[in-house]
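The values are calculated or read from the model by the stated rules, or taken from the named source; none is laboratory data. Please read these numbers as outputs of a predicted model, since none were measured by experiment. For neighbour counting, all protein chains shown are included, and Cβ atoms are generated from backbone atoms with ideal geometry for every residue, glycine included.
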Amino acid sequence: MVLDKYISDLCQKINDNQSDLCIFFKKSHIVKQRIPPILNENKMVYGKLIELLFIEYLNKIFDGGCSELDKKTNIGSSYMNDCNIRFNNEHSMKLSIKVSAQGGDIILINKHNNNINYNSSMEELITLVIRLDKCELLILPHVLVLNWEKEYKRNIFRNNQANLKYGSPLFTLFYGKIGNRLPQGEIDKYKISLDNMCDFEKYKKNVIEKLEVCDWRYHIFKILFNDLNNGVVL
């Protein structure tokens, strides 16, 4: 299956660049520390910043071969996918990047029109979940999640009036007790773990946990209105 080959290549590329992956997780935890998602007003900003950090990481390890799809959208944001990875001149793979602080529900799409058949557009969806608490990445093709849901009798994919999402039972398949989770070989195909956790935990304790919360609203406010001093008259 071509998709399996691309996912395998992506996992290999990330595992070959573990030092940069460690830097990515350090930066992401700095964002979490300084813009805590426990506050509703922070959730979107914190998630977007970590998404951009991961695209930056992919772009580096793929030698400029990862593009942010929102930049190519004139109005609003890219529907469903966040980035496109070019493996070579002919083949590429789009990813939807989601951040999970502790393994809660993963919102895939917020519905703006309930007359649209959102399910039909999800057949090729591949979601990459960043598990911050575990410093791990999960790569989840939607067709595979639906197969797991059926095989393990879990209510994972949820289609409600407000959104489409993966429920938290998804994480039981990766982190649950033996007998309730996927076979280890299957887990290893779709999960990437940070190797050097000792270095990360030391940095987190000595540096990240000492950082203060950032009031990003104030900084944006200053930037917006400082620009007005450059010849703009109110």
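Inspect all residues belonging to segment 81-99 and state whether any of them is of a type in the set (Ser, Thr, Tyr), surrounded by fewer than 14 Cβ atoms within 10 Å (Cβ to Cβ) and more than 27 Å from Asp199 (Cα to Cα).
no
I'd like to know if segment 44-63 contains one or more residues that are among the small types (Gly, Ala, Ser) and modelled with pLDDT under 90. Checked against the condition, which is being among the small types (Gly, Ala, Ser) and modelled with pLDDT under 90, segment 44-63 yields no hits at all.
Residue by residue, here is whether (1) touching a residue at least 40 places away in the same chain (Cβ under 8 Å); (2) out of contact with any helix residue (DSSP H, G or I) (no Cβ under 8 Å at 6 or more places or on another chain); (3) within 25 Å of Leu21 (Cβ to Cβ) holds:
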{"residue": "Leu108", "(1), (2), (3)": "yes, no, yes"}
{"residue": "Glu124", "(1), (2), (3)": "no, no, no"}
{"residue": "Arg154", "(1), (2), (3)": "no, no, no"}
{"residue": "Ser168", "(1), (2), (3)": "yes, yes, yes"}
{"residue": "Glu186", "(1), (2), (3)": "no, yes, yes"}
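Go through segment 208-223 and give me each residue that's part of a helix (DSSP H, G or I), closer than 22 Å to Phe24 by Cα and more than 23 Å from the chain's Cα centre (by Cα). Passing the criteria: only Lys210.
To keep it simple, each residue is scored yes or no on (1) loosely packed, with under 15 Cβ neighbours inside 10 Å; (2) among the β-branched types (Val, Ile, Thr).
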{"residue": "Trp148", "(1), (2)": "no, no"}
{"residue": "Arg154", "(1), (2)": "no, no"}
{"residue": "Thr172", "(1), (2)": "no, yes"}
{"residue": "Ile187", "(1), (2)": "yes, yes"}
{"residue": "Leu194", "(1), (2)": "no, no"}
{"residue": "Asp199", "(1), (2)": "yes, no"}
{"residue": "Leu211", "(1), (2)": "yes, no"}
{"residue": "Tyr218", "(1), (2)": "yes, no"}
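Limited to segment 153-174, what total is found for residues that are among the hydroxyl-bearing types (Ser, Thr, Tyr) and within 18 Å of the chain's Cα centre (by Cα)? Qualifying residue count, segment 153-174: 2. Restrict the check to segment 28-38 and report whether at least one residue is touching a residue at least 12 places away in the same chain (Cβ under 8 Å) and closer than 21 Å to Pro141 by Cα. No.
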